[in-house]
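As structure tokens, the structure follows; a few thoughts come after it.
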Amino acid sequence: METREIFSGVNSIKFNQRFNSDEDCYSYIAAIKWEYGYNCKKCNNPKYIPGKKPFSRRCSKCKYDESPTAGTMFDKIKFPLLLAFHIIFKIGTKKKGMSTLELSHEFELRQKTCWEFKWKIQQAMQSSLLYPLQGEVHVDELWIGGPEQSKRGRSKGSKKLVVLGLEKLPDGVGRAYAQVINRASAKEFKGFFDNHISKNAKIVTDEWTGYGPLKKEYPGLEQRKSDEGNGFIDLHIHIMNLKDWLRGIHHHCSKERLQGYLEEYHFRYNRRTSMDTIFESLLKRMVVNDPVRLSTGISEG
Ligand SMILES: [Zn+2]
């Protein structure tokens, strides 16, 4: 195993000093990619000589020359790697991230280019699904992209329905996740619960009938009258903040893209007390490039 110097922190001056050329970035990616050793992708040979491109490795047997970015989310990007690193740093560490319009101005790239790269970052920000919400979890739905609706129903036109869960701690709030769904039904809620909430959690929802059938699998589920003004305040503040952010940063988009924004928001939100490692963790995800699909609760049709 090789040692490498991990970049941590949110200080942009230090970031600029550490990464000021494409070479710096290639070297960083190579160190992550081959952190646990090298084996040729074509013939599995563990020996290599330096390749032709910066920090690439050339198999000593079959001569396959592998660049650090091959097979990563940085493969074939249309702008300098240095810009890509700076975009990731900004999106990861700025409290509200950056819209594609802001990125396009700051980095002098076409907005479409920023949009495409940001989509990659959002895919890397997807929940690993390994750490479901625990303890007391409050759940509710919200509408995105239209006037508030009091009636429960299914998504129509540009309006999209989202289900959201938030951990309620004795002294505040913990982590949160959200998922786009087609309608406020038990089947769609179950998809979200199975992805993001522990079976042992004490789940609190309002009295909507769609949640009732989930009590079988989630015995801790309790339904409360929503007009009692009890513990739902934190959930509603969270929903308000999420909606404000979405209004400022995106307009009409597909359900899949909306899911990307929900993942981005909660990736940062769930790491708000450990911001120092955000860049490293994002970069690792982009290099390892686990082909996880962006999951929404949307079933076909
Ligand atoms: Zn080889």
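Coordinate-derived values only; no laboratory data. Treat the numbers as computed from the prediction; the structure is a model and nothing was measured. Reconstructed Cβ throughout: ideal geometry from the backbone, glycine too, with neighbour counts over all protein chains shown.
Things worth noting here:
- Applying a DSSP loop filter and a limit of 11 other Cβ atoms within 10 Å to the GluC sites (Glu not before Pro) in the range 46-121 leaves 108.
- Between the range 66-116 and the range 173-201, the alpha-carbon center distance in angstrom: 31 Å
- Derived value for the range 193-288: Kirkwood hydrodynamic radius 16.3 Å. Basis is the mean of 1/r over every pair of different alpha-carbon atoms.
- The GluC sites (Glu not before Pro) of the range 1-53 that meet both conditions, a loop assignment by DSSP and at most 16 other Cβ atoms within 10 Å of the site Cβ, are 2, 5, 35.
- For the range 155-248, GluC sites (Glu not before Pro) are listed when DSSP marks them as loop and at most 13 other Cβ atoms sit within 10 Å of their Cβ; the list is 207, 217.
- Scattering from the range 41-104 was approximated by placing one identical point on each alpha carbon and applying the Debye formula without solvent; log10 I(q)/I(0) at 0.22 1/Å stands at -0.89.
- With Cα atoms, 0 to 90° folded angle of helix 278-288 axis to the chain main axis: 70 degrees
- The relative contact order of the range 14-118, computed from alpha carbon pairs under 8 Å that lie at least 6 residues apart in sequence, is 19 percent.
- Rg(Cα) / (2.2 N^0.38 Å) computed for the range 1-88, rounded to two decimals: 1.16
- In the chain, the calculated helix contribution to ellipticity at 222 nm averages -11000 deg cm²/dmol per residue, counting -39,500 (n - 2.57) for every DSSP H run with n ≥ 4.
- Residue 49/residue 256 FRET efficiency (R0 51 Å; Cβ-Cβ; nearest 0.05): 0.75
- Counting DSSP beta bridges with both ends in the chain, the antiparallel % (nearest 5): 80 percent
- Database remark: amide H of residue 168 closer than 5 angstrom to the amide H of 136, 137, 138, 174 (H placed geometrically; neighbours at sequence offset of 5 or more, or on other chains; Pro and chain starts carry no H).
- In degrees, nearest ten, helix 22-33 long axis to first principal axis of the chain (Cα): 70 degrees
- Taking max minus min of the alpha-carbon positions on each principal axis, the range 1-156 gives extents of 67, 37, 31 Å, largest first.
- Rounded tilt (10° steps) of 186-196 against the dominant C-alpha axis of the chain: 40 degrees
- Rg to Rh, two decimals, where the chain supplies the alpha carbon set and Rh follows Kirkwood: 1.03
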